[in-house]
Structure formats: C-alpha cells, structure tokens
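Below: the structure, in structure tokens.
The values are calculated or read from the model by the stated rules, or taken from the named source; none is laboratory data. All values reported here derive from a predicted model rather than from experimental measurement. Here the Cβ is made from the backbone with ideal geometry for all residues, glycine too, and neighbour counts use every protein chain on show. These area figures cover heavy atoms from the full protein model, side chains too; ligands, DNA and RNA do not enter into them. Shrake-Rupley method; radii C 1.70, N 1.55, O 1.52, S 1.80 Å.
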Amino acid sequence: MTPETELSRASLLHQEFQPRLVDDFSSIDIDEIAEYLRRLVKEGKEGAFLIISIRSNKIYVQFSYNPKSEGTVYCEAVSDEYLPKELKLSEDQIWRLKQLGFQSPGSDNGEPLNFNQNVSIANDEEILALAKMTGQIFFDVYYMSADEKLQFRLELG
C-alpha cells in the first residue's frame with residue numbers, strides 16, 4: 001500500500017468522527033482531575049506519580065512528575081500491551097489518541113509500551129487543559145460509561 005493510499009484510507013476511516021463533549025458527561029469531574037494534577041505538581045518530589053483508572057484499574061492514564069522537569073509532566077495512556085483481550089483498542093481509538101498528541105507505543109527494547117507524551121503544565125490553564133484532555137481520553141477513547149467512576153492513586157514521592 002502506498003503512503004497516499006494509506007493516508008486516503010485513514011481519512012475515510014476518521015472523517016465521520018465527532019468527539020462527544022466531556023462537558024455533557026456528568027461522571028467525569030474535570031475539577032477533581034485538575035486538583036489531583038495540581039497536587040502532583042505542587043507537592044510531588046522525584047518519582048511522584050498519579051494514576052487515574054476505571055474498570056478495576058484495567059484502563060488507565062498515568063502521569064509521572066519530577067520537579068526538575070521544567071514545567072512538564074510525562075503522560076501515558078494504556079495500550080493493548082496491558083489491556084485484556086476484550087478491551088483491545090480499535091484503529092479509531094488509536095487514531096483518537098494520536099490526535100491528542102500521543103506517540104505510539106514502542107517495542108520492548110526500552111521504549112515505552114504505552115501511548116505517551118510530555119505535556120506542559122507550567123500554569124493552571126495548562127493543568128486544566130490536561131485535566132480536560134484526560135477526561136476526553138476516558139470518554140472518547142476508552143468509552144467510559146455514565147455509571148463508572150474514576151479511581152485515583154497519587155504518590156508524591
């Protein structure tokens with residue numbers, strides 16, 4: 001398949017995608033996510049991390065923070081490597097993660113095995129934007145249902 005064919009196929013596959021609006025989804029509390037991210041950044045020491053999950057920790061987005069990281073947090077979204085067979089990601093879900101700026105998982109030679117990216121969190125506006133993106137990931141990528149609640153694990157190092 002040529003690169004042009006691949007691009008055309010991808011365009012057709014995703015042209016119908018309309019993200020659901022997180023603001024209309026009552027079980028995702030963006031302010032709660034933002035508060036955990038603020039605590040990670042303000043109180044976190046080297047090795048600090050935050051894991052936000054659903055479905056008994058099978059689906060998660062995790063953040064690691066180092067005060068020396070100059071205003072960024074490292075973020076990972078779970079990939080097929082760690083998902084049970086019944087929760088494997090479709091091409092559309094993977095495309096959505098890439099649209100949100102995530103890099104594809106690497107192989108097992110020292111590269112991250114989850115989708116990943118570094119995100120700027122230099123001010124409260126950026127923290128709130130990251131909180132909204134996290135909510136969008138659970139809602140639009142991992143199809144969080146209205147009766148599910150986010151679970152938080154914060155380790156400040």
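Among residues of the range 27-51 that are in a strand (DSSP E or B), those with a Cβ under 6 angstrom from a residue that is open to solvent by 80 Å² or more (accessible area, probe 1.4 Å), sequence gap 6+ or separate chain, pair up as Ile51/Arg153. Evaluate the following for Pro112: is it closer than 15 Å to Gln62 by Cβ, outside any helix (DSSP H, G or I), touching a Leu at 6+ places or on another chain (Cβ under 6 Å) and not aliphatic (A, V, I, L, M)? For Pro112, the condition - closer than 15 Å to Gln62 by Cβ, outside any helix (DSSP H, G or I), touching a Leu at 6+ places or on another chain (Cβ under 6 Å) and not aliphatic (A, V, I, L, M) - is not met. Filtering Glu148, Glu86, Glu125 for residues that are in a helix (DSSP H, G or I) and either closer than 28 Å to Arg38 by Cβ or polar (S, T, N, Q) (or both) leaves a single hit, Glu125. Checked against (1) open to solvent by 50 Å² or more (accessible area, probe 1.4 Å); (2) in contact (Cβ under 8 Å) with a residue 12 or more places away in the chain; (3) part of a helix (DSSP H, G or I), Asp140 passes all but a single condition, namely (1). Please verify whether Ser79 is in a loop (DSSP other than H, G, I, E, B) and at pLDDT 95 or above, treating the condition exactly as stated. When the stated conditions are applied, Ser79 passes them. Consider the range 103-118 and keep the residues that are out of contact with any Asp or Glu (no Cβ under 7 Å at 6 or more places or on another chain) and at pLDDT below 90. The one that is most open to solvent (accessible area, probe 1.4 Å) is Asp108.
Remark: Ile121 matches the filter, which requires a residue to be touching a helix residue (DSSP H, G or I) at 6+ places or on another chain (Cβ under 6 Å) and either among the hydroxyl-bearing types (Ser, Thr, Tyr) or open to solvent by less than 80 Å² (accessible area, probe 1.4 Å) (or both).
Residue-wise test of (1) open to solvent by 30 Å² or more (accessible area, probe 1.4 Å); (2) modelled with pLDDT of 95 or more.
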site: Met1; (1), (2): yes, no
site: Leu21; (1), (2): yes, no
site: Phe25; (1), (2): no, no
site: Ala34; (1), (2): no, yes
site: Glu46; (1), (2): yes, no
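May I ask you to list the residues in the range 48-82 that are crowded, with 17+ Cβ neighbours inside 10 Å and either out of contact with any helix residue (DSSP H, G or I) (no Cβ under 8 Å at 6 or more places or on another chain) or at positive phi (or both)?
Within the range 48-82, Ile51, Ser53, Tyr60, Gln62, Ser64, Glu76, Val78, Ser79 meet the criteria.
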